[in-house]
Structure formats: C-alpha cells, structure tokens
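Take this structure, written in structure tokens, and hold onto it; I'll ask about it next.
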Amino acid sequence: MTRKFDGDRLLVATHNQGKLAEITEILAPHGVSVVGAAQMDLPEPEETENTFVGNARIKAHAAATATGLPALADDSGITIDALGGAPGVYTADWAETPNGRDFIRAMTRANDELTAVNAADPRLAQFRCTLVIAWPDGHDEVFEGVMPGQLVWPIRGAHGFGYDPMFQPDGYDITCAQMDPAEKNQISHRGRALKQFVAGCFG
Ligand code: IMP
C-alpha cells in the first residue's frame, strides 16, 4: 500500500529550477506548498550508486533527514539499446568538460559510439526518470516513467535541454527539442513519473 502524502509542505530536492517549476505546476491542484532545495540551502549529496533509483534515494533521504520534511528527488538519464544501456546513470557525465557541461559533446559521443558499433536504424533509446519520496522516519516510495524513442543525427531543434535535440519520441517525426515544452511534458519520462507519484501519494 502506497503511503499517502498528508502534510502541507513538500521539499523538492533539486537545484534545477526547470524541474522545480514543472513539479510545482503539477502539484498545484493538490493544496501542497512546494519548497525547493536552494531555498533551504541544502547541500547536493554525491550520487554514488549505479542505478537511477539508488541515486534518487540518496538525494531524497538526505533532504528529508536534513529538514524534517517529506522530500521528493529525481534521477534521470538516457539508455541506448545498441550501447548496452549506456550512458544510463552516467548521462550527465558524458557532457562534463573542464569548463562545465557541453551536451553537443555528449550527443556527438553517443552518435560516434553508435557508428563504431554499426548500430542499425532505428537506434532505439529511452529517457528514464525515477522519483523517490522519502519521509523523515525513513520510509520511501518509488515511481518510474519512461519515454521510448530513437536517436537521430544530425541534431534538430532549439527547445529543451540535454539530449533533447537528438531524441525523437515514438510516434513523432520531430525531436523533443522541436516540440513545444508543454507538449513534451505531457509525454516525457518525468511527466509520466510525476503522474504516477500524484496517483500513488495523492490519489
Ligand atoms: P539528473 O537527473 O539531473 O542527474 O540528469 C541526468 C541527465 O539526463 C541530464 O543532465 C540530461 O542530460 C539528461 N536528461 C534527463 N532528462 C532529460 C530530458 O528530458 N531531455 C534531455 N536530457 C535529459
């Protein structure tokens, strides 16, 4: 049985303002006030696990323990079939450079590795999001969302972030970076995980 959320304040353990805005909007009809990690001056714990759920748990429990509030955290990334599921939890790492993150470099690496293994079209991939809500007493609940699609080259579109310009969701002939952001939220891995969260903890 999924534990229900019965408080009036939910801490969202992310420093990403885009994710915070999306979660605030989805929870607006449920009478919860959403507090961001930056507002509470929370440190960003190191993500030392090798699964999405492991890393989301680290962030959610650290935030719940530090604040005494129920805390929601997410971990997300892309898995590419022909690369055995890489980059997975290392999705953001593929973009790291000495001068910050560069997603053109990350997408070029994905395309180069697909070419190196002679991956056939369609080059199937999935955006994945795991959400964990942790309570200060140590209980947690886990929700997952997946957006299946394929990787295209050259990259197309200017909206979104990360790997959006090379990711074409199933049923579309445009990439996530060519979509209206509200349309992407309807079908995205994060949107789907958030709907599960609302159904499970507020239903
Ligand atoms: P994290 O969950 O903030 O650690 O992010 C993991 C990485 O996955 C991000 O840096 C993005 O590169 C990538 N990612 C996650 N969700 C999306 C998305 O909706 N579009 C594009 N890239 C994404």
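Residue by residue, here is whether (1) surrounded by fewer than 12 Cβ atoms within 10 Å (Cβ to Cβ); (2) more than 25 Å from residue 182 (Cα to Cα); (3) touching a residue at least 12 places away in the same chain (Cβ under 8 Å) holds:
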{"position": "2", "(1), (2), (3)": "no, yes, yes"}
{"position": "22", "(1), (2), (3)": "no, no, yes"}
{"position": "41", "(1), (2), (3)": "yes, yes, no"}
{"position": "74", "(1), (2), (3)": "no, no, yes"}
{"position": "87", "(1), (2), (3)": "no, yes, yes"}
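Ok, one more. Could you tell me whether residue 2 is in contact with an Asp or Glu (Cβ under 9 Å, 6 or more places away or on another chain), away from the ligand (no atom under 16 Å from the Cβ) and not in a helix (DSSP H, G or I)?
On the way: in contact with an Asp or Glu (Cβ under 9 Å, 6 or more places away or on another chain): yes; away from the ligand (no atom under 16 Å from the Cβ): yes; not in a helix (DSSP H, G or I): yes.
Yes: the conditions hold for residue 2.
Let me ask something else. Answer yes if at least one residue in segment 152-160 is within 14 Å of the ligand (Cβ to nearest atom), aliphatic (A, V, I, L, M) and under 15 Å from residue 86 (Cα atoms), and no otherwise.
Within segment 152-160, none of the residues are within 14 Å of the ligand (Cβ to nearest atom), aliphatic (A, V, I, L, M) and under 15 Å from residue 86 (Cα atoms).
Can I ask one more? Residues in segment 49-70: is at least one surrounded by fewer than 19 Cβ atoms within 10 Å (Cβ to Cβ), over 27 Å from residue 150 (Cα atoms) and within 16 Å of the ligand (Cβ to nearest atom)?
Looking through segment 49-70, none of the residues is surrounded by fewer than 19 Cβ atoms within 10 Å (Cβ to Cβ), over 27 Å from residue 150 (Cα atoms) and within 16 Å of the ligand (Cβ to nearest atom).
Which residue out of 87, 136, 148 is on the phi < 0 side of the Ramachandran plot and away from the ligand (no atom under 16 Å from the Cβ)? Outline the logic, then answer.
Values: 87 fails: away from the ligand (no atom under 16 Å from the Cβ); 148 fails: away from the ligand (no atom under 16 Å from the Cβ).
Sole residue among the options that is on the phi < 0 side of the Ramachandran plot and away from the ligand (no atom under 16 Å from the Cβ): 136.
Is it the case that some residue within segment 191-203 is near the ligand (Cβ under 10 Å from one of its atoms), buried (at least 16 other Cβ atoms within 10 Å of the Cβ) and within 27 Å of residue 139 (Cβ to Cβ)?
Checked against the condition, which is being near the ligand (Cβ under 10 Å from one of its atoms), buried (at least 16 other Cβ atoms within 10 Å of the Cβ) and within 27 Å of residue 139 (Cβ to Cβ), segment 191-203 yields at least one hit.
Only one of 149, 145 is crowded, with 16+ Cβ neighbours inside 10 Å, without any contact (Cβ under 8 Å) to a residue 40 or more places away in the chain, in a strand (DSSP E or B) and touching a strand residue (DSSP E or B) at 6+ places or on another chain (Cβ under 9 Å); which? Working first, answer last.
On the way: 145 fails: without any contact (Cβ under 8 Å) to a residue 40 or more places away in the chain.
Only one candidate passes the filter, namely 149.
Take residue 103 and tell me if it is buried (at least 21 other Cβ atoms within 10 Å of the Cβ) and in contact (Cβ under 8 Å) with a residue 24 or more places away in the chain. Walk me through it before giving the result.
Numbers: buried (at least 21 other Cβ atoms within 10 Å of the Cβ): no; in contact (Cβ under 8 Å) with a residue 24 or more places away in the chain: yes.
Considered against the rule, which asks whether it is buried (at least 21 other Cβ atoms within 10 Å of the Cβ) and in contact (Cβ under 8 Å) with a residue 24 or more places away in the chain, residue 103 comes out as no.
So, one more: Is it true that residue 124 is modelled with pLDDT of 95 or more, touching an Asp or Glu at 6+ places or on another chain (Cβ under 9 Å), away from the ligand (no atom under 13 Å from the Cβ) and farther than 30 Å from residue 70 by Cα? Outline the logic, then answer.
On the way: modelled with pLDDT of 95 or more: yes; touching an Asp or Glu at 6+ places or on another chain (Cβ under 9 Å): yes; away from the ligand (no atom under 13 Å from the Cβ): yes; farther than 30 Å from residue 70 by Cα: yes.
The answer is yes for residue 124.
Of the numbered conditions (1) in contact with an Asp or Glu (Cβ under 8 Å, 6 or more places away or on another chain); (2) under 19 Å from residue 103 (Cα atoms), residue 115 fails exactly one; give the number of that condition.
Only one criterion is unmet by residue 115, namely (1).
Taking the stated definitions as given, is residue 111 of a type in the set (S, T, N, Q), more than 12 Å from the ligand (Cβ to nearest atom) and farther than 25 Å from residue 172 by Cβ?
Numbers: of a type in the set (S, T, N, Q): yes; more than 12 Å from the ligand (Cβ to nearest atom): yes; farther than 25 Å from residue 172 by Cβ: no.
Against the criterion (of a type in the set (S, T, N, Q), more than 12 Å from the ligand (Cβ to nearest atom) and farther than 25 Å from residue 172 by Cβ), residue 111 does not qualify.
Something else now. Residues 136, 154, 165: which one is farther than 17 Å from residue 187 by Cβ and either in contact (Cβ under 8 Å) with a residue 60 or more places away in the chain or buried (at least 20 other Cβ atoms within 10 Å of the Cβ) (or both)? Quick ask: steps written out before the conclusion?
On the way: 154 fails: either in contact (Cβ under 8 Å) with a residue 60 or more places away in the chain or buried (at least 20 other Cβ atoms within 10 Å of the Cβ) (or both); 165 fails: farther than 17 Å from residue 187 by Cβ.
Just one listed residue meets the conditions, 136.
Does residue 120 meet the test of being small (Gly, Ala, Ser) and touching a Leu at 6+ places or on another chain (Cβ under 8 Å)?
On the way: small (Gly, Ala, Ser): yes; touching a Leu at 6+ places or on another chain (Cβ under 8 Å): no.
For residue 120, the condition - small (Gly, Ala, Ser) and touching a Leu at 6+ places or on another chain (Cβ under 8 Å) - is not met.
The values are calculated or read from the model by the stated rules, or taken from the named source; none is laboratory data. Note that the structure is predicted; figures quoted are calculated from it, not measured. All Cβ positions, glycine included, derive from the backbone under ideal geometry; neighbour counts span all protein chains shown.
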